[in-house]
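Q: Handing you a structure now.
The values are calculated or read from the model by the stated rules, or taken from the named source; none is laboratory data. Small disclaimer: the values here were computed from a predicted structure and weren't measured. So basically every Cβ, Gly included, is an ideal-geometry build from the backbone, and we count neighbours across all protein chains shown. Just so you know, the surface numbers come from the protein's heavy atoms only, side chains and all, with ligands and any DNA or RNA stripped out. Shrake-Rupley method; radii C 1.70, N 1.55, O 1.52, S 1.80 Å.
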Amino acid sequence: MTDVQVGPAKTYAERLAARRAEAETADRRDERLGWARFACLVAAGIVTWMAFGRHVLPAWSVGVPLAAFAALVLRQWGATAARERAQRAAVHWARGLACLDGTWPGGGTSGDRFRDPEHPYADDLDVFGAGSLFERLCTARTPAGEATLARWLAAPSDPADVRPRHAAIGELRDRLDLREDLAVLGGDVRRGVDPTALRTWASAPAIVFAAWERWVAASAALLAVGAVVVWLMGDARPLLAVIAAEAVLAVAVRRRVAAVVAAVDRPGRELPLVAALLGRLEAETFTSPRLVALRAALSAAGDPPAAEIVRLRRLVDLLDARRNQFFAPIAFLLCWSLQCAAAIEAWRQRCGSALAAWLDAVGEIEALMALAAFAFEHPDLPYPELLDDGRVLDGEGLVHPLLARDAVANDVRLGAAPRVLVVSGSNMSGKSTLLRTVGMAVVLAQAGAPVPARSLRLSPLALGASIRVQDSLRDGRSRFYAEITRLKQLVDLAAGPRPLCFLLDEVLHGTNSHDRAIGAEAVVRTFVARGAIGLVTTHDLTLAKVADALSPLARNVHFIDDLAGAQLHFDYRLRDGVVTKSNALALMRAVGLDV
């Protein structure tokens with residue numbers, strides 16, 4: 001752990017210890033209350049025997065231990081809730097410490113659902129998946145928050161959109177209480193929740209219940225109550241008449257009621273957490289322009305969004321009550337399904353159009369909170385200087401964000417000249433890692449995050465990579481065909497409105513050296529002609545001659561290694577010029593091959 005991480009690590013460790021202590025205290029309190037409840041039950045049994053068996057105590061005395069038992073139940077619920085909250089908070093801060101000491105992979109949200117094998121760089125740079133940049137960053141609780149963060153990482157944002165994020169992240173960075181509160185709200189609802197269900201439901205065509213149908217349902221419910229009273233007095237005819245009328249009404253509306261029930265079932269699962277998040281965010285005040293705008297999006301003309309969501313959640317719960325076998329007959333008499341369905345539809349017509357805006361605001365705040373946590377954990381990292389035009393990538397001291405902070409840093413400068421760096425070097429010397437380091441810096445910078453570098457100047461860039469291109473037996477594609485397909489995708493991308501930053505690892509190494517040399521030179525020349533900038537790694541030193549031919553638009557750089565005995569050593573420092581030796585045979589001998 002580097003010195004700059006000591007502050008965040010100490011803060012996280014202190015909060016983790018405090019929450020664990022709170023959880024232990026709540027657990028002991030819960031145990032004591034459990035024994036007290038047991039004692040109350042024993043006392044209730046004794047008092048009941050003395051009141052009704054021995055007649056030495058008044059009958060009302062039985063209520064004393066039972067009332068004490070009920071009070072203890074309520075207090076135990078509070079103790080249990082406090083323990084669970086403290087435990088979730090402890091998990092949150094333990095996760096923060098794992099992010100600092102590098103043990104976080106596998107403990108977060110991988111973002112596998114956002115993976116796209118046709119994306120021009122996401123798989124190559126490990127943006128999504130186990131051990132990915134997304135898993136490292138994501139602290140979002142809702143699918144909307146995850147989707148917003150994923151969108152920022154998968155597509156470049158304009159500088160005009162990114163700069164306000166810097167101010168927002170700076171304001172959120174030290175709000176540890178807010179981060180903890182959002183982390184512990186509700187349970188883990190990610191699993192089984194369709195991230196688009198609420199939006200789809202909110203924007204679906206209206207299911208109309210006529211005013212007279214609602215009036216008839218309410219009137220029938222009141223008549224049913226009166227008919228039950230009359231039935232208890234000995235006359236069943238009014239009740240039978242009401243039941244017949246309600247049956248006719250139920251048949252008339254059954255399809256619409258069923259449509260409401262089916263539509264609201266899946267999005268209803270997400271409502272408790274959304275309501276809790278909205279309520280917490282409504283209590284927060286902000287000063288940065290972007291957060292002020294997002295907070296304003298949570299202000300409604302009527303009740304606050306959290307109250308509206310709670311109201312909808314209550315309606316959904318009431319609708320679900322009809323499934324109780326004991327309540328079902330009563331629900332039929334009260335036209336319960338129709339009245340609840342109509343009320344839910346009325347809510348959707350009133351608030352459905354605003355629901356998407358609420359979810360978008362929550363999602364963006366959650367994404368900003370994720371980047372703010374990263375900024376807090378790395379207080380020495382700068383924000384990039386974002387240019388409005390041109391083709392510039394000027395990075396000093398770049399480090400891969402998923403490597404240890406004391407990893408070797410390198411400078412990469414691309415612009416008018418050179419536009420291309422041809423990176424040569426032996427196996428394992430750091431060529432592919434350099435490509436991913438540059439790519440990650442571009443991704444983080446254009447998402448709005450601080451970058452692992454001493455400084456970074458960056459113009460708006462499209463990003464494309466050919467690093468981890470795979471063959472496919474199912475699709476009948478060889479690795480070479482998959483690579484040239486990706487290269488064609490990047491060439492097309494270079495013709496777009498943004499200059500392309502390309503990252504090519506061992507370009508065209510799936511074919512013979514003659515064709516590879518010709519093809520690789522043609523690809524690099526095409527990118528340069530289209531105004532792209534980027535890096536190309538190679539083992540084939542014939543490609544290094546391309547840099548000489550294109551100079552000053554291209555330049556050769558390299559990594560070196562040192563063989564001491566049977567051990568290879570790398571310093572991972574980028575140097576000017578072309579590498580002069582290879583370590584392939586040494587590596588083969590080192591693993592025991594007879595070469």
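Q: So is Val507 part of a loop (DSSP other than H, G, I, E, B), buried (at least 20 other Cβ atoms within 10 Å of the Cβ), at negative phi and modelled with pLDDT under 90 or not?
A: In short, yes.
Here is a yes/no grid of residues against (1) more than 30 Å from Gly7 (Cβ to Cβ); (2) at pLDDT 95 or above; (3) open to solvent by less than 20 Å² (accessible area, probe 1.4 Å):
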site	(1), (2), (3)
Ala357	yes, no, no
Asp360	yes, no, no
Ala372	no, yes, yes
Phe376	no, yes, no
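Q: Does segment 394-406 contain any residue that is within 22 Å of Thr200 (Cβ to Cβ), within 24 Å of the chain's Cα centre (by Cα) and in contact (Cβ under 8 Å) with a residue 60 or more places away in the chain?
A: no
Let's see how each residue does on (1) in a strand (DSSP E or B); (2) within 20 Å of Leu553 (Cβ to Cβ); (3) open to solvent by 30 Å² or more (accessible area, probe 1.4 Å):
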{"site": "Met369", "(1), (2), (3)": "no, no, no"}
{"site": "Asp388", "(1), (2), (3)": "no, no, yes"}
{"site": "Gly395", "(1), (2), (3)": "yes, yes, no"}
{"site": "Ala417", "(1), (2), (3)": "no, yes, yes"}
{"site": "Asn427", "(1), (2), (3)": "no, no, yes"}
{"site": "Ser432", "(1), (2), (3)": "no, no, yes"}
{"site": "Gly439", "(1), (2), (3)": "no, no, no"}
{"site": "Leu444", "(1), (2), (3)": "no, no, no"}
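Q: Still on this model: What is the residue count in segment 561-595 for residues that are of a type in the set (A, V, I, L, M, F, W, C) and either at pLDDT 85 or above or open to solvent by 60 Å² or more (accessible area, probe 1.4 Å) (or both)?
A: 10
Q: Scanning segment 171-199 for residues that are of a type in the set (Lys, Arg) and modelled with pLDDT under 85, which turns out surrounded by the fewest Cβ atoms within 10 Å (Cβ to Cβ)?
A: Across segment 171-199, the extreme among qualifying residues is Arg191.
Q: Here's something else I'd like to know. Of all residues in segment 200-217 being of a type outside the set (Gly, Ala, Ser) and open to solvent by less than 80 Å² (accessible area, probe 1.4 Å), which is farthest from the chain's Cα centre (by Cα)? Explain how you work it out, then say what you get.
A: So in segment 200-217, the residues of a type outside the set (Gly, Ala, Ser) come out as 200-201, 205, 207-209, 212-216.
When the remaining residues are screened for being open to solvent by less than 80 Å² (accessible area, probe 1.4 Å), the result is 201, 207, 209, 213, 216.
Details: Trp201: 21, Ile207: 33, Phe209: 38, Glu213: 43, Val216: 46 Å.
So, considering only residues that are of a type outside the set (Gly, Ala, Ser) and open to solvent by less than 80 Å² (accessible area, probe 1.4 Å), the one farthest from the chain's Cα centre (by Cα) is Val216.
Q: What number of residues within segment 114-145 satisfy the criterion of being without any contact (Cβ under 8 Å) to a residue 60 or more places away in the chain, part of a helix (DSSP H, G or I) and either open to solvent by 30 Å² or more (accessible area, probe 1.4 Å) or in contact with a helix residue (DSSP H, G or I) (Cβ under 8 Å, 6 or more places away or on another chain) (or both)?
A: 2
Q: Looking only at residues that are without any contact (Cβ under 8 Å) to a residue 24 or more places away in the chain, among the aliphatic types (A, V, I, L, M) and surrounded by fewer than 18 Cβ atoms within 10 Å (Cβ to Cβ) in segment 57-90, which one is farthest from Phe134 (Cα to Cα)?
A: Top of the filtered list is Leu57.
Q: Then there is this: Criterion first (among the hydrophobic types (A, V, I, L, M, F, W, C), part of a loop (DSSP other than H, G, I, E, B) and either in contact (Cβ under 8 Å) with a residue 24 or more places away in the chain or open to solvent by 10 Å² or more (accessible area, probe 1.4 Å) (or both)) does Val451 satisfy it?
A: yes
Q: Can you tell which of Ala276, Ala262 is on the phi < 0 side of the Ramachandran plot and open to solvent by less than 40 Å² (accessible area, probe 1.4 Å)?
A: Values: Ala262 fails: open to solvent by less than 40 Å² (accessible area, probe 1.4 Å).
From the options Ala276, Ala262, the qualifying one is Ala276.
Q: Shifting gears a bit: Considering segment 258-294 alone, what residues qualify as being touching a Leu at 6+ places or on another chain (Cβ under 7 Å) and basic (Lys, Arg)?
A: The answer is Arg280, and nothing else.
Q: Look through Pro65, Pro105, Pro58, Pro143 and report the one residue that is at negative phi and in contact with a Pro (Cβ under 6 Å, 6 or more places away or on another chain).
A: Among Pro65, Pro105, Pro58, Pro143, only Pro143 is at negative phi and in contact with a Pro (Cβ under 6 Å, 6 or more places away or on another chain).
Residues checked against (1) among the β-branched types (Val, Ile, Thr); (2) out of contact with any strand residue (DSSP E or B) (no Cβ under 6 Å at 6 or more places or on another chain):
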residue: Gly397; (1), (2): no, yes
residue: Ala404; (1), (2): no, yes
residue: Val423; (1), (2): yes, no
residue: Lys431; (1), (2): no, no
residue: Val438; (1), (2): yes, no
residue: Val443; (1), (2): yes, yes
